[in-house]
Amino acid sequence: MVNRATYQAAKLVASKIELHFAKHLAEANAKGEQDLAPQPPARVIEAILDAAFWSSLRKEEGHSPKISIAFLPPEQAGKPLLFNQKLPLNPNVLTKLAPGVERGGIHIGVWHDGYNLHIWGTTLNIPNYCFVVDVSEPALLVIKHRRIYGFGKYTNVAVLKGDQIKIVEDKSVASPDCPSMLMSLLDLTAHSYWNDSANILIQLAVSMRAHGRGGALLVVPQDTKDWECSVIQPISYALNPSFKGLADLVHKDRPDASEIFWQSALKREVDHLAGLTAIDGVTIITDQYQLLAFGAKTGRSNSSGHIQELSFSEPINGGDAVVVHPAKIGGTRHLSAAQFVFDQRNAQALVASQDGHFTVYNWSPTLNMVQAHRIDTLLL
């Protein structure tokens, strides 16, 4: 049906990705779900990955392509933008199209005529479990699909960076006391709505990672000041009263307004709060999203010892949990976050590194230690 790929990683992952989509589509069909995407065969996956990879290494007027490719027929795309003539799927065509489709939410539509793959146009709407390949930088491909419920972050299936292959696995959620945001990222929770707590934290994580400066966000219980024992006083940017921009929006009864309006309003508040994490120090919010302080410095509580070990895992093939010293995971920001959660066991810490890594820290009563989950593979 299509030519074989010359990008070796595409050949290695195609059959595994095919099995992933076959499994999820079969389960969705058995549950009677509607608006399901077509099953992508391995040879199609391989060909799309190959074209996407080689186009990512090219430049158009000095800019590398930033594109999203979706495998679906135009009749499943809602109101698609249809080309008068079908275009061949190759790196040259993708590179030429890239400047006009690099904004978020726009997908290049790819289908077949029974033999060759072609580009039929673009779309803003794709069906559930639609096979999508995102190219956000040279040699970086993210394979994902649209969630059945909710909005926002798609579910990542695999990440290819040159010859490095990371295939997402959900074994890490079998560990006790797994954070709800990790389960949501792996699409293992029930319906995830626009104001679901895990969904909000995911959007904050994506926004924190996007500013590229690194940062730490501490999430503490509402109506308690125990966390102050682990923060050096005075706090440069403490707030009184707490700022409730995001909190008010999340907990407000949803009026009869468009979905787009609420998504836009939520994104503005999320980006506002996440932007503060770029300031040196940590940003502190409650589990009800009230902003308490930013630019704060953490320290060990007087009643606590130094953290000596934690459980570290990554939700990918080969990323099983190991017990390590927290200094093995990252620098001062990571060590401080681990110590804070060790002291304040009802808290969570979200830490973004400048190199793109993103780690979530929480306390596991079952393991009696801090857990660190590296989730940047799921946030791309």
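The values are calculated or read from the model by the stated rules, or taken from the named source; none is laboratory data. Since the model is a prediction, treat every value here as computed from it, not as a measurement. As a convention, Cβ positions derive from the backbone with ideal geometry for all residues, glycine included, and neighbour counts pool all protein chains shown. The area values use the complete protein model at the heavy-atom level, side chains included, leaving out ligands, DNA and RNA. Shrake-Rupley method; radii C 1.70, N 1.55, O 1.52, S 1.80 Å.
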| note | Computed, not fitted: 222 nm per-residue ellipticity of the chain from DSSP H runs ≥ 4 (each -39500 (n - 2.57)), nearest 500, equal to -8500 deg cm²/dmol
| message | If you fit an axis through the alpha-carbon atoms of helix 197-210 and take the longest principal axis of the Cα set of the chain, what angle between them do you get, 0 to 90°, nearest 10? | response | 80 degrees
| Quick one: how many Å² of Tyr7 are accessible to a 1.4 Å probe, rounded to 10? | 10 Å²
| Cα-Cα over 25 Å, subset of Lys31/Lys252; Lys16/Lys86; Lys267/Lys297; Lys11/Lys161; Lys11/Lys31 | Lys31/Lys252; Lys16/Lys86; Lys267/Lys297; Lys11/Lys31
| Hey, rough spin-label estimate for His306 and Gln85, points 7 angstrom out along Cα→Cβ, what's it come to in nanometres? | 7.0 nm
| query | Which of the following values of Kirkwood radius over Cα pairs in Å was calculated from the structure shown: [x] 22.0; [y] 21.4; [z] 26.2? | reply | [x]
| note | Taking only the Cα positions of the range 333-380, the convex hull volume per residue in Å³ is 67 Å³
| note | dims of the range 234-360, Cα set, principal axes, largest to smallest, nearest Å -> 51, 43, 26
| request: Give the peptides 299-308, 363-372 in descending order of average Cβ contacts within 10 Å, highest first. | output: 363-372, 299-308
| Tilt relative to the chain, helix 332-343 - C-alpha long axis, 0 to 90 degrees, to 10 | 60 degrees
| query | Accessible area, 1.4 Å probe, largest first: how do Asp134, Asp376 sort? | reply | Asp134, Asp376
| request: Please identify, among Gly105, Gly275, Gly295, the residue showing maximal mean-square fluctuation in a Gaussian network model of the chain using a 10 angstrom Cα cutoff. | output: Gly105
| note | Sorting Asp287, Asp248 on solvent-accessible surface, 1.4 Å probe, most exposed first, gives Asp248, Asp287
| field | Candidate residues Tyr361, Tyr154, Tyr115: accessible-area rank, largest first, probe 1.4 Å | value | Tyr115, Tyr154, Tyr361
